[in-house]
Amino acid sequence: MNKISIIGAGMTGATTAHWLAERELADIVLVDVVEGMPQGKALDMTEAMPIIGKDVNILGANDYAATKGSDIIIITAGLPRKPGMSRDDLLSANAEIVGTAATETLKHSPDAIYIILTNPLDTMAYLAMKKMGLPRNRVIGQAGILDSARMRAFVAMETGVSVENIDCYVLGGHGDEMVPLTRHSNVAGVPLKDYVSPSKLDAIVERTRKGGGEIVGLLKTGSAFYAPSAACAQMAEAILKNKNLIVPCAAHMEGEYGLTDMFFGVPVMLGRNGIEKIIEYSLDDGEKAMFDKSAEAVKETHEALKKLVQL
Ligand code: TXD
């Protein structure tokens, strides 16, 4: 059995474990600093396995030693947003948590592939990769699958068409400047702009950009977790099954899209080595301008990080 360790057993971490257990993909370790909580959630989930008929070992722990020999490590540890907070407001608190989680777990799982979820996402993925000194194929940030799924859900609500027929691509940084690529999005092969009126499409794009904030505003005590964790589970599955699945993820840019030394949301091919390939779309001038604006916002947060942490 493969092994996946999830650091941070809060809303996204525990729900990721739930989605993963349903897939019977790997044994799972949940690690959190809160005593008893990861153990309790792991035991509760273990007791659900006979009901859903899945043979998965789920263990809770407060120490990183339990993660030994993991194939994948998913980092969700950190603070979530509160109403009125931007993702960047989380920077200093989460940098400390993610940096430690990354370097400590690597000692026990030197071959692991890392999926980072903690916000501000692009910058936390950058921090983890730099701190661990890993090649870029082994550190992947989750954002684009979620942002694209939100857009797909909104298109499904608008058109009444099955979500399975709807492909949307939201790239760029995981912030309000994210880039929903309407030209590359379609409903069963029909370009989105031919299926949805311009004003409706604008509204969908706007709602997608603010999708995270919409949930934070409703929940008041935390941020979204079902869809983000489903995205993490999809990434882990694509990696362990070597699917070569192309999905938007945050990846370290090494010249692609004219960007270097930063994480950014682009289409990547996920397989057993993590990022097998980065796909470069041809962008028109309007899309390029949106990309540049989003990249500027991510670079600013990267710069803020570099003032806080020696990388
Ligand atoms: O798309 C995305 N990338 C995101 C990101 C979507 C949703 C949530 N996103 C971010 O993930 C969010 O902004 C936060 O930064 C993280 C975690 O969100 P979650 O909703 O899971 O937060 P919780 O429920 O507060 O859980 C965080 C847990 C909590 O149980 C803490 O006790 C734990 O992290 N924590 C730690 N665990 C292990 N090790 C350390 N050091 C640690 N510090 C806190």
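The values are calculated or read from the model by the stated rules, or taken from the named source; none is laboratory data. Owing to the predicted nature of the structure, the values given are computational and were not obtained by experimental measurement. Quick reminder, even Gly has a Cβ in these numbers, built from the backbone with ideal geometry, and neighbours come from all protein chains shown. These area figures cover heavy atoms from the full protein model, side chains too; ligands, DNA and RNA do not enter into them. Shrake-Rupley method; radii C 1.70, N 1.55, O 1.52, S 1.80 Å.
The set of residues in region 90-130 that are within 12 Å of the ligand (Cβ to nearest atom) and either of a type in the set (D, E, K, R) or touching a Pro at 6+ places or on another chain (Cβ under 7 Å) (or both) comprises LEU90, LEU91, GLU96, GLU104, LEU117, ASP122. Taking the numbered list (1) open to solvent by 10 Å² or more (accessible area, probe 1.4 Å); (2) touching a residue at least 12 places away in the same chain (Cβ under 8 Å) in turn, MET124 passes all entries but (1). Checking region 193-216 against the condition returns no match, with no residue being surrounded by fewer than 22 Cβ atoms within 10 Å (Cβ to Cβ), modelled with pLDDT of 95 or more and at positive phi. Can you name the residue in region 1-18 that is more than 13 Å from the ligand (Cβ to nearest atom) and at pLDDT 95 or above and, of all such residues, is surrounded by the fewest Cβ atoms within 10 Å (Cβ to Cβ)? For region 1-18, the residue satisfying everything is ASN2. Looking at region 172-248, the helices (runs of 4 or more DSSP H) lying wholly inside it that each contain 3 or more residues that are without any contact (Cβ under 8 Å) to a residue 24 or more places away in the chain and of a type outside the set (D, E, K, R) sit at 198-209, 211-219. Scoring TYR64 on the criteria (1) farther than 18 Å from MET262 by Cβ; (2) more than 10 Å from the ligand (Cβ to nearest atom) leaves a single failure, condition (2). As a summary of the residue check, VAL33 satisfies the conditions (1) open to solvent by less than 70 Å² (accessible area, probe 1.4 Å); (2) among the hydrophobic types (A, V, I, L, M, F, W, C); (3) within 13 Å of the ligand (Cβ to nearest atom); (4) closer than 20 Å to HIS108 by Cβ except for the one numbered (1).
To keep it simple, each residue is scored yes or no on (1) within 13 Å of the ligand (Cβ to nearest atom); (2) open to solvent by 10 Å² or more (accessible area, probe 1.4 Å).
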{"residue": "ALA227", "(1), (2)": "yes, yes"}
{"residue": "LYS243", "(1), (2)": "no, yes"}
{"residue": "CYS249", "(1), (2)": "yes, no"}
{"residue": "MET253", "(1), (2)": "no, no"}
{"residue": "LEU259", "(1), (2)": "no, yes"}
{"residue": "PRO267", "(1), (2)": "no, no"}
{"residue": "ARG272", "(1), (2)": "no, yes"}
{"residue": "ILE275", "(1), (2)": "no, yes"}
{"residue": "GLU280", "(1), (2)": "no, yes"}
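Answer yes or no: is there a residue in region 73-82 that is surrounded by fewer than 22 Cβ atoms within 10 Å (Cβ to Cβ) and in contact with a strand residue (DSSP E or B) (Cβ under 9 Å, 6 or more places away or on another chain). No: region 73-82 contains no residue that is surrounded by fewer than 22 Cβ atoms within 10 Å (Cβ to Cβ) and in contact with a strand residue (DSSP E or B) (Cβ under 9 Å, 6 or more places away or on another chain). Applying the set (1) more than 15 Å from the ligand (Cβ to nearest atom); (2) of a type outside the set (D, E, K, R); (3) open to solvent by less than 20 Å² (accessible area, probe 1.4 Å); (4) not in a helix (DSSP H, G or I) to ALA21 leaves exactly one unmet item: (4). Taken together, the residues in region 131-148 that are open to solvent by less than 10 Å² (accessible area, probe 1.4 Å) and under 17 Å from ASP111 (Cα atoms) amount to 2.
Among the residues making up region 173-188, those that are within 14 Å of the chain's Cα centre (by Cα) and either open to solvent by 10 Å² or more (accessible area, probe 1.4 Å) or β-branched (Val, Ile, Thr) (or both) are HIS174, GLY175. Scanning region 149-161 for residues that are β-branched (Val, Ile, Thr), surrounded by fewer than 24 Cβ atoms within 10 Å (Cβ to Cβ) and not in a loop (DSSP other than H, G, I, E, B) yields a total of 1. Do we have PRO50 as free of Cβ contacts under 8 Å to residues at least 24 places away in the same chain, over 19 Å from SER229 (Cα atoms) and either surrounded by fewer than 16 Cβ atoms within 10 Å (Cβ to Cβ) or within 11 Å of the ligand (Cβ to nearest atom) (or both) here? Considered against the rule, which asks whether it is free of Cβ contacts under 8 Å to residues at least 24 places away in the same chain, over 19 Å from SER229 (Cα atoms) and either surrounded by fewer than 16 Cβ atoms within 10 Å (Cβ to Cβ) or within 11 Å of the ligand (Cβ to nearest atom) (or both), PRO50 comes out as yes.
The set of residues in region 68-87 that are under 20 Å from GLN142 (Cβ atoms), more than 11 Å from the ligand (Cβ to nearest atom) and not hydrophobic (A, V, I, L, M, F, W, C) comprises SER70, ASP71.
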